[in-house]
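J.: Below are the structure tokens for one structure; questions will follow.
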Amino acid sequence: MTTETRPANAPAPDPDLLYSDDEEALRDAVRALLTDRSDPATVLAAVESDVPYDAALWRSLATEIGTAGLLVPEEFGGAGAGTREAAVVLEELGRAVAPVPYLTSAVLAVTALLGCDHEDAEVAGALTALAAGTTVGALAVPLTTAPGGPSEPTVRAAADGTLTGRVTSVADAAAADLLLVPAQGPEGPALFAVEAAADGVRTERVTPLDLTRPLAHVSLDGARGRLLATGDRARETVGAALLTGAGLLASEQLGVAEWCLAETVRHTAERTQFGRPVGSFQALKHRMAARWLEVASARAAARNAADALATGSPDAPVAVAVAQAYCAPVAVRAAEECIQLHGGIGMTWEHPAHLYLKRAKSDELTLGTPGRHREALAELVHLGAP
Amino acid sequence: MTDAADLRRRTAALLAAHPPATTDRLDFLRARFDAGLAWVHFPAGLGGLDAPRALQAVVDAELAAAGAPGNDPGRIGIGLGMAAPTILRFGTDEQKQRFLRPLWTGEEVWCQLFSEPGAGSDLAALATRAVRDGDDWVVDGQKVWTSSAHLARWAILIARTDPDLPKHRGISYFVCDMTDPGVEVRPLRQITGEAEFNEVFLTGVRIPDAHRLGEVGEGWRVAQTTLMNERVAIGGNRIPREGGMIGVAAADWRARPELRTHDLHQRLLTLWVDAEVARLTGERLRQQLTKGQPGPEGSGMKLAFARLAQEISGWEVEFLGEDGLTYDDWTMRRPEGVDFTGREAGYRYLRAKGNSIEGGTSEVLLNIVAERVLGLPPEPRTDKDVAWKDLPR
């Protein structure tokens, strides 16, 4: 194929869709930690407690393995790695439905800060704190916000930098020490840093469908904010954070789907009815084979998004929209089939399958539904609506 | 070890000695084969240089830039994709020397005599008999779904040599001379109106024992090599975004705004995403193969391809409105090759129905994925240790 005949929207020719040795080593470290400290029984017990996340697990993951700073440059104490590595961490967190604020703090909040002026002491200080994992950050937007939105922040900034307004359904807000708040200022859009413990900040916990990713409404009433960015820069960095978050969420969805399929195969190979393992019936094995093909395909889509984000490819918006439109329903189907093919045991609270179903279904709404991503794609690849 | 620089030198030398502009096409292809630049991963002396397979792209790019003639792989796909790897793996030195060069240059077309009316998904149940007679085998039976049979000089053939053994163990693998007077080829007309395939009747066909590939009774194992290569060949093409059937559908959408509906829009976008992800999955598989870490994704690629081809072509006929009610031509023809995206939407829709049947039905492929990739327990088998002659049929 020559360059001239490639369509105008053709992707960068050679995305690296594999895992490097370093990425595999990182996976091994994260998986070992989660196997040891976050097995399904532990997760189930944790989500029934009143604690918003597993702080000890977060410390090990964020600080000891150093995953909190993967996206942060070395000059701010980060690992200077990129989205390919963070995606591997999210695959493992998805496989374990681990209740830690990685997507919210180490991906969304960090990426929002990375688009601000690094010379600014406020930005540098926040990046350093988040990279160390000692501070948990959250980007104060509803978890359902798709890349490209919200058009108008629900928080107003006064000229003196105080913030007033309400942001609903913010993931991991109750766990956060530092809120990054998009606001409408007197001179247009702006991004502020707000201490979660400051006066005038109230977080109101919501009972979430997905118990492993707590939600809260955040109300600001004259809360003091420190300005991080204004104007286009503020809008663009929030947009970049949402795009990166949506792209890497595909890897979490891949991890969820992988666990569900592996567990379904394991169960149906052992469970005997009618004198033979139920997994030997074609009616069941064909469904699992179809899920396997979807998981293999989701891996290619998720790697493509992570690689496009890592290389700053102009194709990244397409790669992210494709990955989200594809991986979200794959995770939901894998979790639904996991319940069905487990039979009665799949409907019990005791079996962990429901944790994965709840994560998969919530993830489908997270950072844009598949339908919203397909709408975005229609514009990007010139397949406009009627 | 042959590297890219060495291959460029050899390619330049070939082009210098046989300038494409002034060299006969066949002479050039023969010279290319003899220079080891036909398929560089093949052994030296058999069209290759024992080089890594990935380096073929280096040679192909240099030759394409120089305007060198190709060997028209669409016309000789069965020879290149299935017969050649099997001959290389199981053939004697004599067989390799005799068959590979004219196979690659396209001087001799090959076809595949595997499927039978009574042996489709259960290929190992095949009934075509080969009986030893001196230095020859005498073959009687009927084969079906044979593309290129009317053009072929040779066929790869599997036949039953011992009906007293269980079905997988009594099969042998042969090279059959399609010019033998006992070979009769009849076109098999399909739902598209044309006859891309044939039925082949074998009556007292004599095959010298020297044209057997592999040991007597080892034919099933030899055939596995052929079938594995068939699946690699199907998933092996690198395509750009919007390559293949989805590109045609997207072009229709852009060109015919008056036919657009919201429902068709949603379905097109979903298919576009699925097609792009299938492309990426194939690309990932290729990257794994290049790095020498072959993944099991290959077994699934054909499943995805078949489903997409059927859904996209069905979408297209529906999108086209009144034009979807028409068909370009029902004339019975015998095309030399097949182009899944060729002709009009109605043809594409009908031809795609075969994609989930040919080369392993989607149902059989799902079994393969479930049992070999996922390790699920097999269905109970009633035919496993029974002599072929005692099987119900």
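J.: Is there a residue in region A:272-279 that is basic (Lys, Arg) and in contact (Cβ under 8 Å) with a residue 60 or more places away in the chain?
T.: Scanning region A:272-279 turns up no residue that is basic (Lys, Arg) and in contact (Cβ under 8 Å) with a residue 60 or more places away in the chain.
J.: Out of all the residues in region B:69-90, which are crowded, with 23+ Cβ neighbours inside 10 Å and not in a helix (DSSP H, G or I)?
T.: Answer for region B:69-90, where residues must be crowded, with 23+ Cβ neighbours inside 10 Å and not in a helix (DSSP H, G or I): just B:Ile76.
J.: Give just the number: which of (1) touching a residue at least 12 places away in the same chain (Cβ under 8 Å); (2) in contact with a Lys or Arg (Cβ under 6 Å, 6 or more places away or on another chain); (3) not in a helix (DSSP H, G or I) does A:His382 not satisfy?
T.: It fails just one condition, (2).
J.: When you scan region B:152-164, do you find a residue that is buried (at least 18 other Cβ atoms within 10 Å of the Cβ), farther than 30 Å from B:Arg333 by Cβ and within 24 Å of the chain's Cα centre (by Cα), even just one? Spell out how you get there, then give the answer.
T.: Step one: list which residues in region B:152-164 are buried (at least 18 other Cβ atoms within 10 Å of the Cβ), which gives B:152, B:154-161.
Subset that is farther than 30 Å from B:Arg333 by Cβ: B:159-161.
In the following step, the residues that additionally are within 24 Å of the chain's Cα centre (by Cα) were identified as B:159-160.
Yes, region B:152-164 contains a residue that is buried (at least 18 other Cβ atoms within 10 Å of the Cβ), farther than 30 Å from B:Arg333 by Cβ and within 24 Å of the chain's Cα centre (by Cα).
J.: Just give me the residues in region B:349-393 being more than 25 Å from B:Ser172 (Cα to Cα) and away from chain A (no Cβ under 14 Å), in sequence order.
T.: Those that are more than 25 Å from B:Ser172 (Cα to Cα) and away from chain A (no Cβ under 14 Å): B:Tyr349, B:Leu350, B:Arg351, B:Ala352, B:Lys353, B:Gly354, B:Asn355.
J.: Report every pair of residues separated by at least 6 positions or lying on different chains whose Cβ atoms are under 8 Å apart, first residue within region B:321-337 and surrounded by 11 or more Cβ atoms within 10 Å (Cβ to Cβ), second aromatic (Phe, Trp, Tyr).
T.: Between residues of region B:321-337 that are surrounded by 11 or more Cβ atoms within 10 Å (Cβ to Cβ) and residues that are aromatic (Phe, Trp, Tyr), the close pairs are B:Tyr327/B:Tyr347; B:Asp328/B:Tyr347.
J.: Still on this structure, please answer the following. Scan region A:259-290 for residues that are part of a helix (DSSP H, G or I) and either of a type in the set (Phe, Trp, Tyr) or not assigned by TED's automatic domain parsing to the domain that holds A:Arg333 (or both) and report the count.
T.: The initial filter retains those residues of region A:259-290 that are part of a helix (DSSP H, G or I), namely A:259-270, A:278-280, A:282-290.
Filter again for either of a type in the set (Phe, Trp, Tyr) or not assigned by TED's automatic domain parsing to the domain that holds A:Arg333 (or both), leaving A:259.
So the answer is 1.
J.: Take the conditions of a type in the set (A, V, I, L, M), surrounded by 14 or more Cβ atoms within 10 Å (Cβ to Cβ) and closer than 12 Å to B:Ala68 by Cβ and apply them to B:Leu7. Does it pass?
T.: Values: of a type in the set (A, V, I, L, M): yes; surrounded by 14 or more Cβ atoms within 10 Å (Cβ to Cβ): yes; closer than 12 Å to B:Ala68 by Cβ: no.
So B:Leu7 fails the test.
J.: Would you point out the residue of region B:15-29, among those that are free of Cβ contacts under 8 Å to residues at least 40 places away in the same chain and closer than 18 Å to B:Gly70 by Cβ, that is surrounded by the most Cβ atoms within 10 Å (Cβ to Cβ)?
T.: Quick first cut of region B:15-29, residues free of Cβ contacts under 8 Å to residues at least 40 places away in the same chain only: B:16-19, B:22-24, B:27.
Okay, now just the ones that are also closer than 18 Å to B:Gly70 by Cβ, so B:18-19, B:22-24, B:27.
Numbers: B:His18: 18, B:Pro19: 13, B:Thr22: 7, B:Thr23: 16, B:Asp24: 11, B:Asp27: 12.
Taking the candidates together, the pick is B:His18.
J.: Still on this structure: Of all residues in region A:340-377, which are assigned to a helix (DSSP H, G or I), crowded, with 19+ Cβ neighbours inside 10 Å and either of a type in the set (A, V, I, L, M, F, W, C) or within 14 Å of chain B (Cβ to nearest Cβ) (or both)?
T.: Scanning region A:340-377 gives A:Leu341, A:Ala353, A:Leu355, A:Leu357, A:Ala360, A:Pro370, A:Arg372, A:His373, A:Arg374, A:Glu375, A:Ala376, A:Leu377.
J.: State whether one or more residues within region A:125-136 are in contact (Cβ under 8 Å) with a residue 60 or more places away in the chain, in contact with a Pro (Cβ under 8 Å, 6 or more places away or on another chain) and not in a helix (DSSP H, G or I).
T.: Yes, region A:125-136 contains a residue that is in contact (Cβ under 8 Å) with a residue 60 or more places away in the chain, in contact with a Pro (Cβ under 8 Å, 6 or more places away or on another chain) and not in a helix (DSSP H, G or I).
J.: Considering only region A:152-159, I want to know if a residue exists there that is crowded, with 18+ Cβ neighbours inside 10 Å, modelled with pLDDT of 95 or more and under 23 Å from A:Val97 (Cβ atoms).
T.: Among the residues of region A:152-159, not one is crowded, with 18+ Cβ neighbours inside 10 Å, modelled with pLDDT of 95 or more and under 23 Å from A:Val97 (Cβ atoms), which makes the answer no.
For every residue, the table says whether it meets (1) surrounded by fewer than 21 Cβ atoms within 10 Å (Cβ to Cβ); (2) among the hydroxyl-bearing types (Ser, Thr, Tyr); (3) without any contact (Cβ under 8 Å) to a residue 40 or more places away in the chain.
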{"site": "A:Gln184", "(1), (2), (3)": "yes, no, yes"}
{"site": "A:Ala190", "(1), (2), (3)": "no, no, no"}
{"site": "A:Ala197", "(1), (2), (3)": "yes, no, yes"}
{"site": "A:Arg205", "(1), (2), (3)": "yes, no, no"}
{"site": "A:Pro208", "(1), (2), (3)": "yes, no, no"}
{"site": "A:Leu211", "(1), (2), (3)": "yes, no, no"}
{"site": "A:Val218", "(1), (2), (3)": "no, no, no"}
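J.: If you take the residues in region A:74-90 that are within 19 Å of A:Leu243 (Cβ to Cβ) and not aliphatic (A, V, I, L, M), which one is surrounded by the fewest Cβ atoms within 10 Å (Cβ to Cβ)?
T.: If we take residues in region A:74-90 being within 19 Å of A:Leu243 (Cβ to Cβ) and not aliphatic (A, V, I, L, M), then A:Gly82 is surrounded by the fewest Cβ atoms within 10 Å (Cβ to Cβ).
J.: If you don't mind, there's one more thing I want to ask. Of everything in region A:337-379, what is in contact (Cβ under 8 Å) with a residue 60 or more places away in the chain, aliphatic (A, V, I, L, M) and closer than 19 Å to A:Pro147 by Cβ? Give them in sequence order.
T.: A:Leu365, A:Leu367, A:Ala376
J.: Now, a different point. Considering every residue within region A:266-288, establish whether at least one is within 30 Å of A:Asp16 (Cβ to Cβ), at pLDDT 95 or above and within 13 Å of chain B (Cβ to nearest Cβ). Working first, answer last.
T.: Of the residues in region A:266-288, the ones within 30 Å of A:Asp16 (Cβ to Cβ) are A:288.
With at pLDDT 95 or above added as a condition, the list becomes A:288.
Checking the rest, the ones that are also within 13 Å of chain B (Cβ to nearest Cβ) come to A:288.
Yes, because at least one residue in region A:266-288 is within 30 Å of A:Asp16 (Cβ to Cβ), at pLDDT 95 or above and within 13 Å of chain B (Cβ to nearest Cβ).
J.: Here is a further query. If A:Cys327 satisfies all but one of (1) within 14 Å of chain B (Cβ to nearest Cβ); (2) surrounded by fewer than 19 Cβ atoms within 10 Å (Cβ to Cβ), what's the number of the condition it fails?
T.: Single failed check for A:Cys327: (2).
J.: Check whether at least one residue in region B:114-136 is under 18 Å from the mean Cα position of the chain (by Cα), assigned to a loop (DSSP other than H, G, I, E, B), polar (S, T, N, Q) and at pLDDT 95 or above, and report yes or no. Show your work before the answer.
T.: Restricting attention to region B:114-136, the residues satisfying the condition of being under 18 Å from the mean Cα position of the chain (by Cα) are B:114-116, B:120-121, B:123.
Subsequent filtering for residues that are assigned to a loop (DSSP other than H, G, I, E, B) retains B:114-115, B:120-121.
From what is left, the residues that are polar (S, T, N, Q) are B:115, B:121.
Checking which are at pLDDT 95 or above leaves us with B:115.
Yes, region B:114-136 has at least one match.
J.: State which residue is nearest to the other protein chains (Cβ to nearest Cβ) when the search covers only region A:1-36 and only residues that are at pLDDT below 95 and in a helix (DSSP H, G or I).
T.: A:Thr5
J.: Let me ask something else. List every residue pair whose Cβ atoms lie under 8 Å apart, where the two residues are 6 or more positions apart in sequence or sit on different chains, the first residue falls within region A:21-39 and is outside the structural domain of A:His351 (by TED's automatic domain parsing), and the second residue, located anywhere, is among the β-branched types (Val, Ile, Thr) and not in a helix (DSSP H, G or I).
T.: Pairs found: A:Leu26/A:Ile65; A:Ala29/A:Ile65; A:Val30/A:Ile65; A:Leu33/A:Ile65.
J.: Just checking, how many residues over region B:264-323 are at pLDDT 95 or above and in a loop (DSSP other than H, G, I, E, B)?
T.: Total satisfying the criteria: 1.
J.: Sticking with this one: Give just the number: which of (1) crowded, with 24+ Cβ neighbours inside 10 Å; (2) of a type in the set (D, E, K, R); (3) within 14 Å of chain B (Cβ to nearest Cβ) does A:Glu263 not satisfy?
T.: (1)
J.: Against the definition (at positive phi and buried (at least 21 other Cβ atoms within 10 Å of the Cβ)), how does A:Gly115 come out, yes or no?
T.: On the way: at positive phi: no; buried (at least 21 other Cβ atoms within 10 Å of the Cβ): yes.
So A:Gly115 does not fit the description; no.
J.: Something else about it: Taking the condition of being part of a loop (DSSP other than H, G, I, E, B) and either out of contact with any Ser or Thr (no Cβ under 6 Å at 6 or more places or on another chain) or β-branched (Val, Ile, Thr) (or both), how many residues in region A:37-81 meet it? Walk me through how you get there before you give the answer.
T.: To start, the set of residues in region A:37-81 that are part of a loop (DSSP other than H, G, I, E, B) comprises A:38-39, A:49-54, A:65-66, A:70-73, A:77-81.
Filter again for either out of contact with any Ser or Thr (no Cβ under 6 Å at 6 or more places or on another chain) or β-branched (Val, Ile, Thr) (or both), leaving A:38-39, A:49-54, A:65-66, A:70-73, A:78-81.
Count: 18.
J.: I would also like to ask the following. Given the residues B:Val205, B:Val216, B:Val277, which is the only one that is touching a Ser or Thr at 6+ places or on another chain (Cβ under 6 Å) and buried (at least 19 other Cβ atoms within 10 Å of the Cβ)? Explain how you work it out, then say what you get.
T.: Values: B:Val205 fails: touching a Ser or Thr at 6+ places or on another chain (Cβ under 6 Å); B:Val216 fails: buried (at least 19 other Cβ atoms within 10 Å of the Cβ).
That would be B:Val277, the only listed residue that is touching a Ser or Thr at 6+ places or on another chain (Cβ under 6 Å) and buried (at least 19 other Cβ atoms within 10 Å of the Cβ).
The values are calculated or read from the model by the stated rules, or taken from the named source; none is laboratory data. Quick caveat, the model's predicted, so the values are computed rather than measured. With ideal geometry, Cβ positions are generated from the backbone for all residues, glycine too; neighbour counts draw on all protein chains shown.
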